[in-house]
Structure formats: C-alpha cells, structure tokens
Amino acid sequence: MSRRPARPAAYRPLARRFFARDAVVVARALVGCLLVHETPHGRLVGRIVETEAYRGPDDPASHAYRRTARSAIMYGPPGVAYVYFTYGMHWCLNVVTGSPGVPGAVLLRAVEPVEGAERMRRLRGVGPEVPAARLAAGPARLTQAFGVGPRHNGTDLTAPPLYLAAGGPRRGTVVAGPRVGIRAARDRWWRFGLAGSPALSRPFPRL
DNA sequence: ATCTAGATCGGCT
DNA sequence: GCCGATCTAGATG
C-alpha cells in the first residue's frame, strides 16, 4: 500500500480559477486547504481551519464597500494577496476573490500548523507554553507565525513562495457563524470553520 | 470563564 | 479626529 507522505516534496497550488468565484463560496471551500510559505529558512505549512468572506458594495463590513486606494486591490484579479494593517500593530492576510470589477476577498483567520511549528514559535516570539495548535489561531497570529507582512500585499497566491494548496479530503464538518468583530450584517453568516478544531481563533457560538 | 485596558497608527468620514 | 476584519496581560467572578 502506498500512502501520501506526511511531508510531501511539494504541494499543489490552487489554480486561479478556484478564486474566481463568490467570496462566500471560496471562504467555505478554503477550509481544509493548506497555506504554504517557502522561506529561505524552511517551509511553513498550515491547514486552514477558519476563514471569513468579505464582498463589495453590498457588504458594509467590507473594506471594498467603497473603492479606495486601499481596497482597490479587492477590485482586481483573483488569487492575489490583500494584506492590510490594523489596530496600529497587526497585519492580516486575505486572498482576493471574484473577478476584476466584482470585488471580494477571504480573510484567513486561523490555521493549524502542519510543518514548521518550531519556526512559527520563534516568529511569534513564544515558548513551549503555547501549544502548537494555538500558534496561528487568529488572523494576526497567523501572519506573524508565517512571516507574512506588507511586502506580500499584491503578490500572487497561486505560486511559491507564498501560496494556497489543496488539502486532500476534508476531515470534519464546516460550520458557519457571524463574522468576528463585525457589527453590521450580523445575520450574514460568512465566518466558516472546522467544527471543534483546537486551532480556531475562538469557538463558534451555538445557536 | 469572562472582562478590561492598553498598545499604536493608517485610513477615511 | 475617530475608530478599527487584534492581541496580551492582568483583574475579577
């Protein structure tokens, strides 16, 4: 019996057309996929356990609700990174969805480390008291653990060094809930997660 | 378990 | 000027 090795020599990037769909569809589909960063110091890999969809002029919570210098990238081609700065100190990573003129993006909120947990620990500046599953359990923790920052804004996420990859058959159930930190449109359940994952930024409310 | 404050600054009303 | 698509440490039930 030949089985998939735990640490394959390479991962298969998701094609650009994967992202050329509605943000809500892509957000749900990305749960279980992989985030890969090939750095000079080694490869960092995490399984995506939490995402959020942000759309365009119909979504008051989205940066692309209005087209501005910052949000213009969400109006561009899909499969591109949108990295923004918030709260004076944090960076968050999105992948642009839809098609030029139809804005959208998916915020990567949490991954469970698959490869490179030790390096992630150093990048986070935390010790062994933090369990591996908590190293990238939040949008700003994720970027810090993966060494992602402003230099990645506008880069292509369908090819190395920083890319998204297929994750094989999805284990577990995808659940939905209101987006975190969003007051507007709380009835739109555009936050998706792997039910019961220890790497979620926070639990999904039971309703 | 749940709350609060404080850090810190770019974007945009 | 105000306010975040956040995180951490510390206090309190």
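The values are calculated or read from the model by the stated rules, or taken from the named source; none is laboratory data. Here the structure is a predicted model, which is why all the values come from computation and not from measurement. All Cβ positions, even for glycine, are placed from backbone atoms using ideal geometry, and neighbour counts span all protein chains on display.
Being free of Cβ contacts under 8 Å to residues at least 60 places away in the same chain, among the aliphatic types (A, V, I, L, M) and part of a helix (DSSP H, G or I) is the filter here, so list the residues in the range A:26-70 that pass it.
If the condition is that a residue be free of Cβ contacts under 8 Å to residues at least 60 places away in the same chain, among the aliphatic types (A, V, I, L, M) and part of a helix (DSSP H, G or I), then A:29, A:64 are the ones that fit.
On the basis of being away from DNA strand B (no atom under 16 Å from the Cβ), among the β-branched types (Val, Ile, Thr) and within 21 Å of residue A:167 (Cα to Cα), does residue A:24 make the cut?
Details: away from DNA strand B (no atom under 16 Å from the Cβ): yes; among the β-branched types (Val, Ile, Thr): yes; within 21 Å of residue A:167 (Cα to Cα): yes.
Spelling it out, residue A:24 is indeed away from DNA strand B (no atom under 16 Å from the Cβ), among the β-branched types (Val, Ile, Thr) and within 21 Å of residue A:167 (Cα to Cα).
Could you say whether any residue in the range A:157-180 is surrounded by fewer than 17 Cβ atoms within 10 Å (Cβ to Cβ) and polar (S, T, N, Q)?
Yes, the range A:157-180 has at least one match.
Which residue pairs have Cβ atoms closer than 6 Å, lie 6 or more positions apart in sequence or on different chains, and pair a first residue in the range A:87-112 that is touching a residue at least 24 places away in the same chain (Cβ under 8 Å) and of a type in the set (Asp, Glu) with a second residue that is surrounded by fewer than 18 Cβ atoms within 10 Å (Cβ to Cβ) and in a strand (DSSP E or B)?
none
Name every residue in the range A:1-28 that is more than 19 Å from residue A:114 (Cα to Cα), modelled with pLDDT of 95 or more and either aliphatic (A, V, I, L, M) or surrounded by 22 or more Cβ atoms within 10 Å (Cβ to Cβ) (or both), in order of residue number.
Start the filter on the range A:1-28 by keeping residues that are more than 19 Å from residue A:114 (Cα to Cα), which leaves A:1-2, A:15-28.
After this cut, where a residue has to be modelled with pLDDT of 95 or more as well, the list is A:15-28.
Within the range A:1-28, A:15, A:19, A:20, A:23, A:24, A:25, A:26, A:27 meet the criteria.
Considering only the range A:75-84, how many residues are more than 15 Å from residue A:35 (Cβ to Cβ), within 15 Å of DNA strand B (Cβ to nearest atom) and within 15 Å of the chain's Cα centre (by Cα)?
Selection size over the range A:75-84: 1.
Yes/no matrix, rows are residues, columns are (1) under 30 Å from residue A:6 (Cβ atoms); (2) within 8 Å of DNA strand C (Cβ to nearest atom); (3) not hydroxyl-bearing (Ser, Thr, Tyr):
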residue: A:70; (1), (2), (3): no, no, yes
residue: A:87; (1), (2), (3): no, yes, no
residue: A:100; (1), (2), (3): no, no, yes
residue: A:104; (1), (2), (3): no, no, yes
residue: A:109; (1), (2), (3): yes, yes, yes
residue: A:120; (1), (2), (3): yes, no, yes
residue: A:125; (1), (2), (3): yes, no, yes
residue: A:132; (1), (2), (3): yes, no, yes
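If you take the residues in the range A:181-193 that are aromatic (Phe, Trp, Tyr) and surrounded by 17 or more Cβ atoms within 10 Å (Cβ to Cβ), which one is nearest to residue A:31 (Cα to Cα)?
Among residues in the range A:181-193 that are aromatic (Phe, Trp, Tyr) and surrounded by 17 or more Cβ atoms within 10 Å (Cβ to Cβ), the one nearest to residue A:31 (Cα to Cα) is A:192.
Filter the range A:158-178 down to the residues that are over 11 Å from the mean Cα position of the chain (by Cα) and among the hydrophobic types (A, V, I, L, M, F, W, C) and list them by number. Can you show your working first?
Step one: list which residues in the range A:158-178 are over 11 Å from the mean Cα position of the chain (by Cα), which gives A:158-162, A:165-178.
A:159, A:162, A:165, A:166, A:174, A:175, A:176, listed by residue number.
Which pairs do you get when a residue that is within 17 Å of residue A:180 (Cα to Cα), found in the range A:129-150, comes within reach of a residue that is assigned to a helix (DSSP H, G or I) and near DNA strand C (Cβ under 9 Å from one of its atoms), reach meaning Cβ atoms under 7 angstrom, with the pair 6+ apart or on two chains?
Sorted first by the residue in the range A:129-150, then by its partner, the pairs are A:136/A:142; A:141/A:124.
Okay, residues lined up against (1) closer than 19 Å to residue A:124 by Cα; (2) within 14 Å of DNA strand B (Cβ to nearest atom):
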{"position": "A:67", "(1), (2)": "no, yes"}
{"position": "A:72", "(1), (2)": "no, yes"}
{"position": "A:88", "(1), (2)": "yes, yes"}
{"position": "A:92", "(1), (2)": "yes, yes"}
{"position": "A:108", "(1), (2)": "yes, no"}
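Which count do you get for residues in the range A:177-196 that are touching a residue at least 60 places away in the same chain (Cβ under 8 Å), assigned to a loop (DSSP other than H, G, I, E, B) and either more than 16 Å from DNA strand B (Cβ to nearest atom) or β-branched (Val, Ile, Thr) (or both)?
Selection size over the range A:177-196: 6.
Which is more than 24 Å from residue A:174 (Cβ to Cβ), within 12 Å of DNA strand C (Cβ to nearest atom) and over 19 Å from the mean Cα position of the chain (by Cα), of A:60, A:40?
Values: A:40 fails: within 12 Å of DNA strand C (Cβ to nearest atom).
That would be A:60, the only listed residue that is more than 24 Å from residue A:174 (Cβ to Cβ), within 12 Å of DNA strand C (Cβ to nearest atom) and over 19 Å from the mean Cα position of the chain (by Cα).
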